[in-house]
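Enquirer: Pasting a structure here, questions to come.
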Amino acid sequence: MKILDTKRESIGFVAAAVVLLVLLPFSNAVVPEGSTFHFAGYQLSLWGKYITYATLAMSLNLLWGYTGLLCLCQSLFFALGGYAFGMYLMLHVGVDPVYNTSLPDFMDFLGYSELPAYWRPFENPIFTMLAVMAVPGLVAFVFGFLAFRSRIKGVYFSILTQALTYAVCLMFFQNQFTLLWVDFTFGGNNGFTNFKRIFGASVNDASTTRWLFIGSCAFMLFVYALISMMLKTKFGKVQQAIRDSENRVRFSGYSTTTYKLFIFVLSGVIAGVAGAFYVPQVGIINPGEMTAAKSLDVVVWVALGGRGTKFGPILGAIVVSMLKSYATRAFPDSWLIILGSIFVLVVLFMPNGLVGLPQQLAPWINRIRGKKNLVERNETSTAS
């Protein structure tokens, strides 16, 4: 049975790769616009956003589902990666026609005459790609080292991660703030927007949209494969043992602090890269993406899809995101009520999420089938 499940998973993975990486971009590039099978550019951008959300949900599931750490700062890592890549995009906007400088417009507004020193390395795309991983990874390492070394866990860990998100969010909402005697500016509450070029190509070109979509999907599939491989290793077994009983693992001679710190940093890096793919497809990044409420949204995605499953977070993120896109148009004042109702429904009636729903309903279905077969037998015996 296990071999059969693995085979099915492999077939599903290959099928998803073919659809996401080949068929959808092909239908956008080759199929005529008037055709039913044409996948429009705005649909690619929209689904690219959903895919980055799915990857973000997988990063939280790596922590919460498999390690038992409910982290409420995944949106912070997501936004930090987005801001790192957004700095590169802002430095390639070109000359501002109003201020007649190549500085980002918010720097012109604040009276800057030259580019700050900490911005200059982000002109280099290689440095930027490294920073996309290094910035959220470094924040996760410093915070995780202090938290796990102090053996903070459970609800206290969740509260601290939420406090970290709130503190950083307040800083980014300011037009300018001082940290370690250095003045930082990241556009305040407006953030970064109005991007023009990415790696020498126009952000608005149809080919750029396709490659960003392909990159987002490829990274999501890579993360899925990485998690699948990790769960089969000794590391993955210890990781899940920490979730079930950390004290037993510690008494067995394993350093649970090292394991949790590694997973925490890895999940932060994954979220940061997902944020980097998110920014050019959506066209904006601001502090609203790192609020505590955004992290709670990610928790709902994972819970609805199925915590501790590989496909559940992907399903939950896409379903909730699609529902939000519809509800904010049809019922703009009721979305938060709908979201809260979903979470309550999952907690009370769907502990295993959408992925576990077929197994949860199986006894009821079998019981109904049994009663139906019994009635048919009685009718047959009566007729004879």
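Nothing in this text is a laboratory measurement; each read-out follows from the coordinates by a stated rule. Since we're looking at a predicted model, the values are computed, not measured. Ideal geometry is used to build each Cβ from the backbone, glycine not excepted, and the neighbour counts take in all protein chains shown.
Enquirer: Can you compute 3J(HN,Hα) from phi for each residue in segment 164-174, using the Karplus curve 6.51 cos²θ - 1.76 cosθ + 1.60 with θ = phi - 60°, rounded to whole Hz and x for Gly and Pro?
Expert: Each residue's phi maps through the Karplus curve to give 4, 4, 5, 5, 5, 4, 4, 5, 6, 6, 7 Hz.
Enquirer: Helix 234-244 versus the longest principal axis of the chain: what is the Cα-based angle in degrees, 0 to 90, to the nearest 10?
Expert: Taking the Cα atoms of the chain, the angle to 234-244 is about 80 degrees.
Enquirer: Here is a further query. Just list whichever of K237/K324; K153/K237; K234/K294; K232/K324; K153/K310; K7/K324 have alpha carbons separated by over 29 Å in the model shown.
Expert: Result: K237/K324; K234/K294; K232/K324; K7/K324 exceed 29 Å.
Enquirer: With springs only between Cα atoms under 10 Å apart, run a GNM on the chain and tell me which of V135, V269, V19 wobbles the most.
Expert: Taking springs between Cα atoms under 10 Å, the residue moving most is V19.
Enquirer: Now a separate question. With Cβ to Cβ distances under 12 Å as the rule, what net charge do the other residues near Y66 carry (K, R +1; D, E -1)?
Expert: +4
Enquirer: For a quick check: with amide H placed at 1.01 Å from N, whose amide H comes under 5 Å from R197's, ignoring anything fewer than 5 positions away on the same chain?
Expert: Here V203 satisfy the definition.
Enquirer: Moving on to the next point. Which residues in segment 110-144 place their backbone N less than 18 Å from a point set 7 Å from the Cα of V98 along the Cα-to-Cβ direction?
Expert: What the label zone holds, given the 18 Å backbone N cut-off, is 110-114.
Enquirer: Next question, about the same structure. Where a ≥ b ≥ c are the square roots of the eigenvalues of the C-alpha gyration tensor, would you call segment 1-108 rounded, which needs a/c under 1.5, or, failing that, prolate if a/b is larger than b/c, or oblate?
Expert: Oblate, because a/c is 1.5 or more while a/b does not exceed b/c.
Enquirer: May I ask for the distance between the Cα centers of segment 263-291 and segment 23-88, given as a whole number of Å?
Expert: 10
Enquirer: From the phi angles alone, apply the Karplus equation (6.51, -1.76, 1.60; θ = phi - 60°) to segment 51-63 and give each ³J(HN,Hα) in whole Hz, x where the residue is Gly or Pro.
Expert: Rounded to whole hertz, the list is 5, 5, 5, 4, 5, 4, 5, 5, 5, 5, 4, 4, 7.
Enquirer: If the elastic network links every pair of Cα atoms under 10 Å, which of N204, N366, N175 fluctuates the most in the Gaussian network model of the chain?
Expert: Of N204, N366, N175, the most mobile in the Gaussian network model is N366.
Enquirer: Using just the helices of the chain, give the 222 nm mean residue ellipticity in deg cm²/dmol: DSSP H runs with n ≥ 4 each add -39,500 (n - 2.57), and the total is spread over all residues, rounded to 500.
Expert: -23000 deg cm²/dmol
Enquirer: Oh, and also: Just to check I understand the Karplus step: with θ = phi - 60° and J = 6.51 cos²θ - 1.76 cosθ + 1.60, what whole-Hz values come out for segment 336-351, glycine and proline as x?
Expert: Coupling constants for segment 336-351: 5, 5, 4, 5, x, 5, 4, 5, 5, 4, 5, 5, 7, 10, 10, x Hz.
Enquirer: Now for a different question. Ranked highest first by average number of other Cβ atoms within 10 Å, how do 338-349, 69-80 line up?
Expert: 69-80, 338-349
Enquirer: Working from Cα positions, state the angle (0 to 90°, nearest 10) between the long axis of helix 74-90 and the longest principal axis of the chain.
Expert: Relative to the chain, helix 74-90 is tipped by roughly 40 degrees.
Enquirer: Related question: Could you give the dipole magnitude of the chain about its Cα centre, charging the beta-carbon of Lys and Arg +1 and that of Asp and Glu -1, in debye to the nearest 20?
Expert: Dipole of the chain, to the nearest 20 debye: 1900 debye.
Enquirer: Specify the residue with the greatest mean-square fluctuation among A40, A29, A15, computed from a Gaussian network of the chain linking alpha-carbon atoms under 10 Å apart.
Expert: Judging by the Gaussian network model, the answer is A15.
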